[in-house]
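Data first, discussion second: the structure below is written as structure tokens.
The values are calculated or read from the model by the stated rules, or taken from the named source; none is laboratory data. It should be emphasised that the depicted structure is a prediction, and the values quoted were computed from it without experimental measurement. Because the Cβ atoms are built from the backbone with ideal geometry, glycine has one as well, and the counts that use them run over all protein chains shown.
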Amino acid sequence: MGNKDNAETPKSGRFGRRKHQPAEYEPGEFFVLPPEMEDDEAILHVDKPAEEPTSPEMPQGENVVSLEELSARRQAETAEEPVGDTVVVDADLDKTRIAEDVSGDTVVVSDNAPAPAPAPTDEVEGQMKLEDWEEPPALGDDWQERLRRTRQEQMEDFERRREKAGGLKLSGEEEVNDPAEEPPAPTVEEPEEELEDYSRYEETAAVRGELLYRRRMGWITLLASAVPELLLLWLALVAYLFSGVSVLHILVSLILLGVMVAVNYRTVLNGWKNLFHMAADADTPAAVASVVTLLHTMIQLFNVDEIGAPDKVPVLLPAVAGMGLLLSAVGRQWRVCRIANNFRLVSFQGDKVAACRVDDPQDAMELGRPAVAMGIPEVCYFKKSHFLKGFLRHSYGADAGDERMRLYMPISLGASLLLAVAFFVYSGSLFGTLAVFTAAVCTAAPLGLLTAVNLPLWRVSRRLLEQGAMLSGWDAVEEFGGVDALTVSASDLFPEDSVVLHGIKTFSGTRIDRAIVDAAAVAIAAGGPLAHVFRRVIEDDESMLQPVESLVYEQDMGVSGWVGGRRVLVGNRKLLENHGVDVPSRDYEMRYTNGDRQLVYLSTAGELSAMFVVSYLADEEIGEALEALTKGGITLLIHTCDPNVTEDLVCQVYGLDRYYVEVLDATAGRLYVRLQSEKYADREALVASNGWAQGMAQAIATCRRLRVSGLMAVATQLIGSVLGFVLTAFLSFYNGSPAPAIFAVLYLLGCVGVSWLLPLFKRT
């Protein structure tokens, strides 16, 4: 079809008229940046191509161009250019169109003719209009004032409710409402940990104060629980090794266990209440074991004759129940500390990035097709959010063990009761039956469950915060633990300073300032890693750039657009060949692409104008996050308009498995752009970061890892509890009494230790 899409017809000469044929170029000018810019902060530096000797074709003096001279040239050119037939371009990319016919013919625009109007509305195969690439449009000139008024109204309502309720209600108590304003509603008592949620930044001080108070009280509870538990362990050990059980032992044990129950009354009340509602959780095992043991110890005081013999030592079980309360307090404190630390990121009044799932099955299939062989993939991405809502609700949500406890605890209590009945039939001893029942309740209950599921979550949350990311709780693990693919942009993988410009070679008599501003206009308008490079070159002064019209991304090739009435192409050699522009031979290219260097071509008005030599560098923190993703079996989906950013390049730079890296095609790319351009709104506080891509990638990989480790911890606790029950039953019928209390404590600690350590040996 010839070269109809260009605003100018290439002149005859060394380029010839051989379409798609490599041209043999005479030595041109290889422009370099001044040596004074070669510092640690600059990403552009002077460099020579490999195997190219120093010759007049690579001038070192007069051809060194500074940014000041570049800008001066640009201003002079602008003043000299006559006002002719030029196209009036619209900077709004949302109104651009592809300046090509659907038949494949291109539009001819001469030097003296205006640029063609955006003609077709149909999409060209393999191309994607870069619409909606910019941030969502502004909400209007008065959006800040409207936001201020809305927040003021919310604050007034918040203060009104605080005055009526006596302060910010964070503990789940019934709110005092004005009957004249609100209709009465049934009062539902909520669990202690279900706080009234954090809904606006004006509540930051109140919520932070409440969290800090809970953290202080948690340390006090731990101390008040640890001291009695140490004394109970000492009494159990002394009774077993030396003196046997006496009334004094029983009385002191009763007092110490009573103190622990009083200190941990919230755990006890919450555990029993949930059990009665058939909704047992991680608090229920410790609550049931402590109350049953406390009642049994009180009964022992009225049966002094039955507890004096050394073989009756097993009846001293407060040490076991107390250990359960202590472990539960440790787990709760880890949870409060995690929430308080995460709140620092959540309460930051600035734009943050939140993880989102692709809910539509068709969209998920379109994006995540490379991630799964069959079924609907789970695909997530992240986008900006001003406020993270539902933080407290998600942070205090049900953990990995709560759902299992709803079924396990009724079964465990039923089995303990049946064992007691069987032992009574076997022995006829009522006091012995009570001892067996108490021992079965203690050993069959997963007393260390709360610590087993909160330890890994607390540990990874600390590491994520160091990377600027936040994982709210097990709600986030459940939501993103099964993710198959994470979609990111090329700019996330190669942020600023990750792309280095080594030099610029011009052709066809093109001035370096003209080449830079043309390439910068298109690259910055398209976005991506190359945009960072050119922003550095022009020192972020975009005023010297002309608007870009009809910006089009051509898949795997590059970007094209109209700049000042001229067709400008920025991409690889395939892009130029596709538009009928002659390019150098591959042997010529190899002189400049030694090592990991890549080439970016610039074509203006149908002629090759310049060649940029660049290289892509790995970011260490991003590399660690990507490695965690791929090791977890999560596919990395990349959206890019940079033709150099391919699967092979990403895998080479970051050392990833090619199986887990895919670049989105044009269709999937349009879908990703649409998802990113959706209405700017507040997001759920599940997985979020302060904007760092590596933090989000690490958080998503952590969710998948935590889901596995959480299930392993719960399974270890349940298996240990079942084995403990079996051991108790065996010893009860074999010896006439269960195992000594000190052995039960050691067995409990062993199960807890295994549940902590076992997930660490799981390679994810």
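Among (1) in contact (Cβ under 8 Å) with a residue 60 or more places away in the chain; (2) more than 19 Å from ASP648 (Cβ to Cβ); (3) within 39 Å of the chain's Cα centre (by Cα), which single condition is ARG591 missing?
(3)
Take residues that are out of contact with any helix residue (DSSP H, G or I) (no Cβ under 7 Å at 6 or more places or on another chain) and hydrophobic (A, V, I, L, M, F, W, C) and tell me which of the helices (runs of 4 or more DSSP H) falling wholly in the range 340-445 contain 3 or more.
Working: elements: 361-368, 391-395, 402-427, 430-444.
Hits in the range 340-445: 402-427.
Looking at the range 476-489 only, could you name the residues that are assigned to a helix (DSSP H, G or I) and either at pLDDT below 90 or surrounded by fewer than 24 Cβ atoms within 10 Å (Cβ to Cβ) (or both)?
GLU478, GLU479, listed by residue number.
Contact list please: Cβ distance under 9 Å, first residue in the range 688-704 and of a type in the set (Phe, Trp, Tyr) and at pLDDT 85 or above, second residue in a helix (DSSP H, G or I) and crowded, with 24+ Cβ neighbours inside 10 Å, pairs at least six apart or on different chains.
Taking only residues 6 or more apart or on different chains, not a single pair turns up.
Collect the residues in the range 539-553 that are surrounded by fewer than 22 Cβ atoms within 10 Å (Cβ to Cβ) and in contact (Cβ under 8 Å) with a residue 60 or more places away in the chain, keeping them in residue-number order. Before the answer, list the steps.
Let us first name the residues in the range 539-553 that are surrounded by fewer than 22 Cβ atoms within 10 Å (Cβ to Cβ), namely 539-547.
Correct list: GLU539, ASP541, MET544, GLN546, PRO547.
Tell me whether the range 484-491 contains one or more residues that are of a type outside the set (Gly, Ala, Ser), farther than 30 Å from ARG369 by Cβ and in contact (Cβ under 8 Å) with a residue 40 or more places away in the chain.
Checking the range 484-491: not a single residue is of a type outside the set (Gly, Ala, Ser), farther than 30 Å from ARG369 by Cβ and in contact (Cβ under 8 Å) with a residue 40 or more places away in the chain.
Give the number of residues within the range 724-754 that are under 23 Å from SER427 (Cβ atoms) and hydrophobic (A, V, I, L, M, F, W, C).
Within the range 724-754, residues that are under 23 Å from SER427 (Cβ atoms) and hydrophobic (A, V, I, L, M, F, W, C) number 11.
Considering only residues of the range 528-555 that are touching a strand residue (DSSP E or B) at 6+ places or on another chain (Cβ under 8 Å) and in a loop (DSSP other than H, G, I, E, B), which is farthest from LEU664 (Cα to Cα)?
GLN546
Here are some conditions: (1) crowded, with 20+ Cβ neighbours inside 10 Å; (2) under 26 Å from ASP596 (Cβ atoms); (3) not acidic (Asp, Glu). ALA688 meets all but one. Which one does it not meet?
If we test ALA688 against (1) crowded, with 20+ Cβ neighbours inside 10 Å; (2) under 26 Å from ASP596 (Cβ atoms); (3) not acidic (Asp, Glu), just (2) comes out false.
Would you say CYS651 is touching a strand residue (DSSP E or B) at 6+ places or on another chain (Cβ under 6 Å) and surrounded by fewer than 20 Cβ atoms within 10 Å (Cβ to Cβ)?
Yes, satisfied.
In the range 359-388, what count of residues is obtained for those that are crowded, with 19+ Cβ neighbours inside 10 Å, in contact (Cβ under 8 Å) with a residue 24 or more places away in the chain and touching an Asp or Glu at 6+ places or on another chain (Cβ under 8 Å)?
Residues meeting the conditions: 9.
When you scan the range 244-261, do you find a residue that is outside any helix (DSSP H, G or I), surrounded by fewer than 18 Cβ atoms within 10 Å (Cβ to Cβ) and at pLDDT 80 or above, even just one?
Taking the range 244-261 and keeping what is outside any helix (DSSP H, G or I), we get 244-246.
From what is left, the residues that are surrounded by fewer than 18 Cβ atoms within 10 Å (Cβ to Cβ) are 244, 246.
Filter once more, so that each one left must be at pLDDT 80 or above: none.
Within the range 244-261 (the criterion being outside any helix (DSSP H, G or I), surrounded by fewer than 18 Cβ atoms within 10 Å (Cβ to Cβ) and at pLDDT 80 or above), the answer is no, since none of the residues qualifies.
Table: residues versus (1) closer than 16 Å to ALA329 by Cβ; (2) touching a residue at least 60 places away in the same chain (Cβ under 8 Å); (3) buried (at least 22 other Cβ atoms within 10 Å of the Cβ).
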site	(1), (2), (3)
ASN264	yes, yes, yes
LEU275	no, yes, no
ASP281	yes, yes, yes
ALA286	yes, yes, yes
ALA289	yes, yes, yes
THR293	no, yes, yes
PHE302	no, no, no
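Table: residues versus (1) touching a residue at least 24 places away in the same chain (Cβ under 8 Å); (2) touching a Cys at 6+ places or on another chain (Cβ under 9 Å); (3) small (Gly, Ala, Ser).
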site	(1), (2), (3)
ALA444	yes, no, yes
LEU447	yes, yes, no
VAL453	yes, no, no
LEU457	yes, no, no
GLY473	yes, no, yes
PRO495	yes, no, no
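Quick check on the range 598-618. Is at least one of its residues out of contact with any strand residue (DSSP E or B) (no Cβ under 8 Å at 6 or more places or on another chain), in a loop (DSSP other than H, G, I, E, B) and either surrounded by fewer than 21 Cβ atoms within 10 Å (Cβ to Cβ) or of a type in the set (Gly, Ala, Ser) (or both)?
yes
Can you name every residue in the range 215-262 that is without any contact (Cβ under 8 Å) to a residue 24 or more places away in the chain and of a type in the set (Phe, Trp, Tyr)?
From the range 215-262, those without any contact (Cβ under 8 Å) to a residue 24 or more places away in the chain are 216-217, 220, 223, 227, 230, 234, 238, 241-243, 248, 252, 255, 262; that's our starting set.
Scanning the range 215-262 gives TRP234, PHE242.
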